[in-house]
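> Please see the structure below; I have some questions.
None of the figures in this text is laboratory data; all of them are computed from the coordinates on show. All values derive from a computational prediction rather than experimental measurement. Don't worry about glycine lacking a Cβ; one is built from the backbone with ideal geometry, like all the others, and counts go over all protein chains shown.
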Amino acid sequence: MENADFNSSSQTPHPSIPLVIDSRDTEYFGSGVTSSVAIAGHPIHPIIVVFPVAFLTGAAGADIGYWLTQDFFWARASVWLIGLGLGAGILAAIIGMSDFLRVPRVQKRTAGWLHMLLNVSALLLTGINFWLRVGDPQAVVIPVGAILSIVVATLLGLGGWYGGELSFRHKVGVVGPGETDIQ
């Protein structure tokens with residue numbers, strides 16, 4: 001369906017599929033909700049999340065590199081990526097939790113809860129993965145560390161989907177005058 005064919009008298013262009021897509025007519029036609037942590041109206045959370053996602057998916061790649069080559073470089077790279085991902089992830093989580101707690105639309109959407117739960121789970125597993133590697137980066141790469149890294153990368157992908165749902169479908173973190181009529 002082309003955007004030109006979509007008007008306020010039609011229904012949502014996408015079906016509502018519980019736990020995957022929560023389509024609501026009012027959010028296609030209503031205004032957005034600004035983020036609780038923003039600079040000049042630009043939300044900070046989407047700026048910050050790219051770092052833990054990049055670091056932690058890179059760690060999964062480094063673990064695979066270690067598995068294929070047994071080269072210590074990849075084990076060391078992975079522990080650094082996990083440490084950096086953990087630090088950046090904590091910062092992103094603090095900012096994201098501010099929106100979760102202070103923007104009512106986020107708490108009222110399944111996407112908000114799933115985004116938070118998946119990413120907090122990824123952060124907890126990252127902390128465990130980092131703690132296991134600190135003394136000896138090579139000791140746990142195969143299989144425990146690699147499995148944890150791949151699970152974390154998968155959780156981040158799923159959590160990112162729901163973050164996108166909040167931004168693009170439910171207009172959270174969008175410059176706008178306020179909530180729509182139906183929340």
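> Give the long-range amide H neighbours of residue 140: residues separated by 5 or more places, or on another chain, with amide H under 5 Å away, using H modelled in the peptide plane at 1.01 Å from N.
Placed amide hydrogens put nothing under 5 Å from residue 140.
> Could I ask something else about it? For every other residue with a beta carbon closer than 14 angstrom to the beta carbon of residue 140, add +1 if it is Lys or Arg and -1 if Asp or Glu, then tell me the sum. Each step should come with its number before you reach the end.
Values: positive: 76, 133; negative: 63, 136.
Computed value for this residue: 0.
> Further, regarding this structure: Could you tell me which of 107, 135, 57 has its Cα farthest along the dipole of the stretch 45-169 towards the positive end, charges placed at Cβ (Lys, Arg +1; Asp, Glu -1), taken about the Cα centre?
Value: 107.
> May I ask for the percentage of alpha-carbon pairs in the stretch 45-169 that lie more than 21 Å from each other? Mind showing how you got there, number by number?
On the way: 2869 of 7750 pairs.
Distances greater than 21 Å cover 37 percent of the Cα pairs.
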